[in-house]
Amino acid sequence: MKFPRRLIRHLETPDLPLQTLQAIRRLRRYLEELEAACILKARELGASPADIGEALGITRQAVYNRIHNLEQRALHDPDFVIPDLSGEDIEGAEHEIVDLGSHSEPH
């Protein structure tokens, strides 16, 4: 996954508050998706909910809740995307991030 530098540049221009707010919204979405992918990958690699919770600063029960919520969102929200961290779809993930950074931004 490529870090969305374009969104960060928008955060550095607070003289355009609406564009900055849009960038913040998209960056939150990116971080949410990245966190979801990392939680699932950590579980796949054998990390316990307690390990994940410690890394995130939350309880293991909160980790169980997040995993459950991720499963539910994946079933019911067609816009929810969990990035592939395996390296096989990196090119597609980069393209998606660029698209996120270019929505309704003036050029």
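What follows is calculated from the coordinates using simple rules that are stated; it is not laboratory data. Computed from a predicted model, the values in this text were never measured in an experiment. For neighbour counting, all protein chains shown are included, and Cβ atoms are generated from backbone atoms with ideal geometry for every residue, glycine included.
Side notes on the structure shown:
- Stretchable slack from LEU18 to LEU31, in nm (0.36 nm times residue separation minus alpha-carbon distance): 2.7 nm
- Available extension along the chain between TYR64 and ARG43 is 6.5 nm, counting 0.36 nm per residue and deducting the alpha carbon span.
- Cβ crowding within 10 Å averaged over residues, with 42-50, 13-21, 30-38 ranked highest first: 30-38, 42-50, 13-21
- Put in line by how crowded their Cβ is, counting other Cβ atoms within 10 Å and starting with the fewest, ILE39, ILE67, ILE24 read ILE24, ILE67, ILE39.
- ³J(HN,Hα) computed for each position of the stretch 54-68 - Karplus, 6.51 cos²θ - 1.76 cosθ + 1.60, integer Hz, glycine/proline x: 4, 5, 8, x, 10, 7, 5, 5, 5, 5, 4, 5, 5, 4, 4
- Order of LEU7, LEU85, LEU75 under a 10 Å beta carbon neighbour criterion, fewest first: LEU75, LEU85, LEU7
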